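Read through the structure below, which is laid out as structure tokens, and then see the notes.
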Amino acid sequence: MSMHGGIQFFTPVHGCIGNALITPQNNESSSGVSVSGSYTHIDSLDSSLAFTLIESLNLNRSYDKEALEVSSKLLELNPELYTAWNYRKLAVEHALLSEENSDTIRAILDEELKVVENALRRNFKSYGAWEHRKWVLKKEYSSVDQELRLLDQFQKADSRNFHAWNYRRFVAKLKNLPAEEELKYTTSMIESNFSNYSAWHNRSVILSHLLKENPQGLDSKHNVLKEEYDLVHQALFTDPDDQSGWFYHLWLLAQTAAPDAPSLISFWPAHGSDLVVSSNGSLPLILYFDQVVEGVNSSSITVTYTFCEGEDLVWKPLSVNYSGKAQAWMTYLKFPELGNNSSEVYTIEVSLGQVNGIISSSGSSLSLPLRFTFTTRVQSTPSEHSEGIVTMKMLSWKDEEFCRNEEVLQYFNPCILPSDLLRISKDSQQTTLKWKLETFTHEIALFRDLLLEMNWQLSCKLLKIGMLTLARLLLAHDALMLHNTTSVSQKANCKEILELFQDLMKLDPTHSRFYKDMLSIVLMEQMVSNRNSLEGYCWYYGTSTSSLTQNIICLRLNNLSLSRMGSFEHLLWVQMIDLRGNELRSIEGLEVLQRLTCLNLSHNNLISFTALAPLRLLSSLKVLDISHNEIGAHSIDTSRYLCSSLLSQSAGDDCNLDEYAINNVDIAKYWEAVLVFKGLQLTQLDVTGNAVSDDDKFSLLLVKILPKLKWLDGNAVY
């Protein structure tokens with residue numbers, strides 16, 4: 001027991017109500033617990049019996065004074081009885097039904113506030129008590145003037161009590177307190193104790209609101225964040241072993257790096273490209289933004305072309321959760337049917353940002369208008385350079401099937417950043433970019449010095465978080481440098497970033513998977529972000545006499561130990577990709593590769609069909625190799641913690657498993673496979689080397705799900 005600010009606090013004991021409980025003597029319920037009558041003293045009551053008592057009061061709708069006293073005493077002794085708090089809500093609502101006098105209503109609600117206060121004296125970290133107090137104040141009969149005084153007392157008892165801080169934000173909003181005043185209060189609490197994580201968190205919540213609303217009198221975002229960096233530096237260098245300041249610095253880093261408004265950073269077809277498509281065919285048009293957006297439609301995107309005039313294009317978010325928001329969006333351009341041996345050339349212009357409509361999750365609109373054009377040559381007979389892949393026989397992924405062909409690469413026209421179309425042009429945005437680069441450069445120098453001067457004198461925990469912070473700063477700096485004109489400066493920090501994550505994997509093996517994922521993302525960026533490096537991984541499939549494919553470029557990222565993919569904005573052009581021999585546990589993000597026709601995921605670490613959910617959005621996919629993974633080998637599907645549920649992704653789908661029923665096949669056993677593969681147009685599939693493929697019945701099911709399948713596990717399907 002302790003005293004703070006005149007309030008007496010008790011250390012809560014879980015599972016026991018305590019002593020001195022008043023209970024009724026007569027009129028016992030069926031459970032043997034008395035619920036009404038005169039009350040006497042008993043020694044103790046455990047949690048299960050207390051729960052039964054409250055349930056009995058509620059069942060009998062006992063809302064009289066004596067019953068309320070019982071619940072009040074129970075909550076005073078154990079504020080964690082959520083059922084008791086719910087009972088009191090019902091009792092209050094019952095009392096208010098027949099009451100119209102505002103003074104009486106106020107008295108009833110003020111009594112609830114007293115009950116809560118008594119409960120908080122026992123345990124000032126009780127979820128139920130704080131939430132019940134909010135519920136009372138929302139009735140708008142009780143005065144909130146004393147709430148801040150009460151909070152001051154509780155925060156003196158424990159300045160890091162996040163329940164109290166959460167309630168403080170609720171009260172501040174209810175009283176319409178100026179955010180600047182609350183920010184000053186938070187500053188004073190932090191300066192008195194840099195280790196106050198709840199105060200740092202509260203500060204981030206207030207600043208997020210201020211920076212978003214930008215009220216009159218608030219300095220520019222640049223100056224505000226500069227002051228915040230100065231404050232957190234004091235915390236980090238005063239007590240570097242405390243994690244509170246480090247987490248706040250991470251939040252500041254995110255605020256600095258975050259774009260003020262969404263921008264288009266990549267698209268396909270590339271600007272100025274000349275494509276050949278077949279008569280009556282279609283072509284995907286893909287837009288990739290720097291953040292998740294909504295509002296992409298025929299009103300916000302203008303596509304000008306001379307065929308199919310007056311037809312509105314339907315834009316689709318490329319996201320597995322079907323939320324109506326996505327970082328990448330796609331529509332199909334459908335070309336007219338031509339007569340024999342004829343062709344037409346069409347110029348297509350795409351413009352966006354001319355009108356508002358494309359907005360981010362924070363509510364900001366697309367920052368810069370943009371326009372790009374490309375040409376399509378529609379032919380009634382397929383050309384050797386036409387879009388698509390023709391599979392006349394089973395495709396092989398053997399090394400001898402691939403070759404370097406510079407003549408073919410001359411037709412290679414990926415959309416590689418940076419592009420002149422995508423560079424920042426407004427003076428205000430140039431100023432913002434300059435400030436961000438200066439900030440990151442200063443922070444990088446600061447943390448390099450910290451690690452260099454103190455290095456192994458630091459605790460292992462501090463060394464890890466210091467190295468991780470430096471790596472994140474370097475990543476953010478390099479991401480901003482994509483707006484620069486020189487490709488050399490873009491990757492100035494790549495080597496140092498890779499070394500940091502490699503060292504972290506050794507220093508902190510418990511989190512090695514996370515570091516490996518980050519390392520893989522950096523490697524991907526290094527390999528595919530400019531044409532010179534990308535061409536080293538691009539191979540021509542087939543020989544000059546092969547009729548299997550027609551000038552298909554395969555991106556070969558095999559045997560690189562990648563555990564995660566990234567840099568998809570650079571890969572929108574890809575039709576064929578070889579990812580075999582890596583360490584992938586999911587293929588998150590692959591859904592944006594709408595041109596993808598052939599995919600090799602063999603010899604990875606995929607453990608379930610849940611990890612393959614992005615395949616559901618790849619309508620052009622024809623060839624898939626997922627052999628020699630671990631699908632079906634684990635009784636517990638841990639990939640469900642990495643990927644969203646297939647059931648949530650299938651909202652609105654007709655998931656009738658009986659449609660694929662086969663005699664003696666337990667269709668429910670393979671429901672994930674059904675949800676992934678149904679609707680795909682696969683002609684070739686390999687699942688050998690997985691535990692699930694050991695069941696011959698599974699092969700029968702695949703043939704049922706995939707009616708266009710010609711080859712399964714290397715054998716022809718009849």
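Taking the protein heavy atoms of region 494-597 in the context of the full set of protein chains, the accessible area attributed to carbon and sulfur is 47 percent at 1.4 Å. Computed over protein heavy atoms with a 1.4 Å probe, the carbon and sulfur contribution to the accessible area of region 174-284 reaches 49%. With 25 Å as the limit on Cα-Cα distance, the pairs of 398/622; 138/221; 212/461; 316/669; 316/436; 316/678 that go past it are 138/221; 212/461; 316/669; 316/436. Taking all protein chains together, 108, 626 sort by accessible area into 108, 626, largest first [probe 1.4 Å]. Which shape class applies to region 56-106: rounded if a/c is under 1.5, otherwise prolate when a/b exceeds b/c and oblate if not, where a ≥ b ≥ c are the square roots of the Cα gyration tensor eigenvalues? Prolate, since a/c reaches 1.5 and a/b exceeds b/c.
Taking the Cβ-Cβ separation of residue 135 and residue 292 as r and a Förster radius of 60 Å, what is the calculated FRET efficiency to the nearest 0.05? E(calc), rounded to 0.05, equals 0.95. The portion of the accessible surface of region 299-383 made up by carbon and sulfur, rounded to a whole percent, is 44 (1.4 Å probe; DNA, RNA and ligands excluded).
In this structure, residue 499 and residue 345 have a Cβ-Cβ separation that, at R0 = 60 Å, corresponds to a calculated FRET efficiency of about 0.75. Packing, taken as the mean count of other beta carbons within 10 Å per residue, orders the peptides 255-265, 325-335, 589-599, 169-179 from highest to lowest as 589-599, 325-335, 255-265, 169-179.
Counting only protein heavy atoms and using a 1.4 Å probe, the accessible area of residue 349 comes to about 60 Å². Positive contributions from Lys and Arg (+1) and negative ones from Asp and Glu (-1), summed over other residues with Cβ under 12 Å from the Cβ of residue 231, come out at -2. Spin-label model, residue 86/residue 212: points 7 Å from Cα along the beta carbon direction are separated by 3.1 nm. Placing a pseudo-label 7 Å from each Cα along the Cα-to-Cβ vector at residue 104 and residue 461 gives an inter-label distance of 5.7 nm. Stretching residue 59 away from residue 514 to a fully extended chain increases their span by 158.7 nm, per 0.36 nm per residue minus the current alpha-carbon distance.
Legend: calculated FRET efficiency, residue 184 to residue 314, from the Cβ-Cβ distance at R0 = 51 Å, rounded to 0.05, equals 0.50. Using a probe of 1.4 Å on the protein chains alone, the accessible area found for residue 268 is around 10 Å². For the pair residue 433 and residue 304, label points projected 7 Å from Cα toward Cβ lie 2.6 nm apart. Once the chain from residue 243 to residue 149 is taken as fully extended at 0.36 nm per residue, the excess over their C-alpha distance is 30.9 nm. Taking other residues whose beta carbon is less than 15 angstrom from the beta carbon of residue 398, and scoring Lys, Arg as +1 and Asp, Glu as -1, yields -3.
For the pair residue 355 and residue 441, the difference between a 0.36 nm per residue extended length and the Cα-Cα distance amounts to 27.4 nm. Centroid-to-centroid, using Cα positions, region 661-677 and region 155-169 are 52 Å apart.
In terms of accessible area, using a 1.4 Å probe and ignoring ligands and nucleic acids, 517, 152 rank largest first as 152, 517.
For region 68-146, trypsin sites (Lys or Arg not before Pro) are listed when DSSP marks them as loop and at most 12 other Cβ atoms sit within 10 Å of their Cβ; the list is 138. For region 202-358, the per residue solvent-accessible surface stands at 46 Å², with DNA, RNA and ligands left out and a 1.4 Å probe.
The values are calculated or read from the model by the stated rules, or taken from the named source; none is laboratory data. Treat the numbers as computed from the prediction; the structure is a model and nothing was measured. As a convention, Cβ positions derive from the backbone with ideal geometry for all residues, glycine included, and neighbour counts pool all protein chains shown. Note: areas computed on protein heavy atoms with side chains; ligands, DNA, RNA excluded. Shrake-Rupley method; radii C 1.70, N 1.55, O 1.52, S 1.80 Å.
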